[in-house]
1. Looking at region 255-271, I want the residues that are under 14 Å from ALA330 (Cα atoms) and have a partner that is outside any loop (DSSP other than H, G, I, E, B) and aliphatic (A, V, I, L, M) with Cβ atoms under 6 Å, at least 6 apart or on another chain. Which pairs are those?
2. Of everything in region 300-320, what is within 20 Å of LEU360 (Cβ to Cβ) and in contact with a Lys or Arg (Cβ under 7 Å, 6 or more places away or on another chain)? Give them in sequence order.
3. On the given criteria, is SER171 assigned to a loop (DSSP other than H, G, I, E, B) and closer than 24 Å to GLN116 by Cβ?
4. How many residues, within region 203-222, are under 11 Å from the mean Cα position of the chain (by Cα) and surrounded by fewer than 24 Cβ atoms within 10 Å (Cβ to Cβ)?
5. Residue check: is PRO355 assigned to a loop (DSSP other than H, G, I, E, B) and closer than 24 Å to MET61 by Cα?
6. Here are ARG189, ARG213, ARG249, ARG256: which of them is among the charged types (D, E, K, R) and touching a strand residue (DSSP E or B) at 6+ places or on another chain (Cβ under 7 Å)?
7. Whether any residue in region 149-167 is surrounded by fewer than 21 Cβ atoms within 10 Å (Cβ to Cβ) and touching a helix residue (DSSP H, G or I) at 6+ places or on another chain (Cβ under 8 Å) is what I want to check.
8. Give the residue, chosen from ARG249, ARG304, that is surrounded by fewer than 16 Cβ atoms within 10 Å (Cβ to Cβ), at pLDDT 95 or above and within 26 Å of GLY353 (Cα to Cα).
Amino acid sequence: MMADRTRALAAALLMSLAPAAVLAQAPAEPAPTETRPPAKTLPEKALPEKALAETAETLPMLNSLGNVPGWRRYKTRFVTDQGRVVDSGNGRISHSESQGYGMLLAVAAGDRDTFQRIWGWTRANLMVRDDALLAWRWEPDKRPAVADMNNATDGDILVAWALAEAGDGWSDESYRLASRRIAVDIARRTVLFRSEGPPLLLPAMNGFSAEDRPDGPVINLSYWVFPAFPRLAAVAPEFDWDRLSAAGRDLLLRARFGEARLPTEWISMRGGQPQPASGFPPEFSYNAVRLPLYLAMAGVGERRYYEPLLALWADADQAGLPIIDTASGAVAGRMNEPGYAAIPALVACAVDGTPLPADLQEPAASENYYPATLHLLALTAANMRYRPCLGR
């Protein structure tokens, strides 16, 4: 489960051959200026992408989930008094991803006290680099607790997104400024804004570029947090976040491997043609399952983005969502906690208007951190964009 995701990232980071220089070529930063309101109708299905992007407006996240029992259980089980968000399925470590998810859910729940607690711990314990990015992993039984100073770009994006939501929702300029600082360094240090070809988002500063790996640059499509990009564009408008988002959507259509036509977790972009990256299992697994969640959260309803997943999930299996070996087409394992099933349900809602099953409208009390997080994010998306699927 989460251990698989962490091992994959750790393995990639260890492959780093040299420190990465600044990767993005972008304008100098100007003076600082800084993942549910009324019911939304279901998105149109046959719109061209340009029209779809215009109709899928950015919606405020504040109070979209509400202080529901699922959130109260979540913060009791996974958020310490100090504000550390605990990954219960992965040795009780914390990482920039868990902190970012916790901050987003606190905004969605309208829980400013918990948001501030999580942000305070994050700032004190993970913002220990020379830039505004976060160290990716904090281990409670190690000293120092941060042994690897590399970042994880998805965690940085989640934290910056949460701060932008909080800044707007609670009219707090300090949150907006913190979001801007992180967003600027994400763009400068982890985005390859190329003069020829679409931009690429690197999973971290070190370990994934063409200088670091023979098959580099290597990407992970689940690090494209699509609903975050409009918020980052608002706080750091000098970077072309729309182009980065469009590049990710295009890659989703191109990185379809094997008979199942699914993306692998780690993808080589050497030569511009996506291929499964060397040194990693060629699997659709715990990372990639977030892709349809992020698309639906961003209001993307076009069936073509979800087609292989709709086929994969057409016949529900009580054993859990399948992990697919894209090389052989075989089922390599199962994501067997119930929270994962909220993602296929959200996809069916976003694409076809299918109501969410009643048993998925409240997270199970026994779920680990990761499926519980994805479950609450799916419910947040449903409340923001797809309320008819909740019977509202």
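1. From residues that are under 14 Å from ALA330 (Cα atoms), the pairs are ALA260/ILE324; LEU262/ILE324.
2. Selection gives GLY301, ALA319, GLY320.
3. On the way: assigned to a loop (DSSP other than H, G, I, E, B): yes; closer than 24 Å to GLN116 by Cβ: yes.
The answer is yes for SER171.
4. Within region 203-222, residues that are under 11 Å from the mean Cα position of the chain (by Cα) and surrounded by fewer than 24 Cβ atoms within 10 Å (Cβ to Cβ) number 2.
5. For PRO355, the condition - assigned to a loop (DSSP other than H, G, I, E, B) and closer than 24 Å to MET61 by Cα - is met.
6. Testing whether each residue is among the charged types (D, E, K, R) and touching a strand residue (DSSP E or B) at 6+ places or on another chain (Cβ under 7 Å) leaves just ARG256.
7. Residues of region 149-167 surrounded by fewer than 21 Cβ atoms within 10 Å (Cβ to Cβ): 149.
Those left that are additionally touching a helix residue (DSSP H, G or I) at 6+ places or on another chain (Cβ under 8 Å): none.
Scanning region 149-167, I find no residue that is surrounded by fewer than 21 Cβ atoms within 10 Å (Cβ to Cβ) and touching a helix residue (DSSP H, G or I) at 6+ places or on another chain (Cβ under 8 Å), so the answer is no.
8. ARG304
The values are calculated or read from the model by the stated rules, or taken from the named source; none is laboratory data. Being a predicted model, the structure only gives us computed values, none of them experimental. No Cβ is skipped: glycine too gets one built from the backbone with ideal geometry, and neighbour counts run over all protein chains shown.
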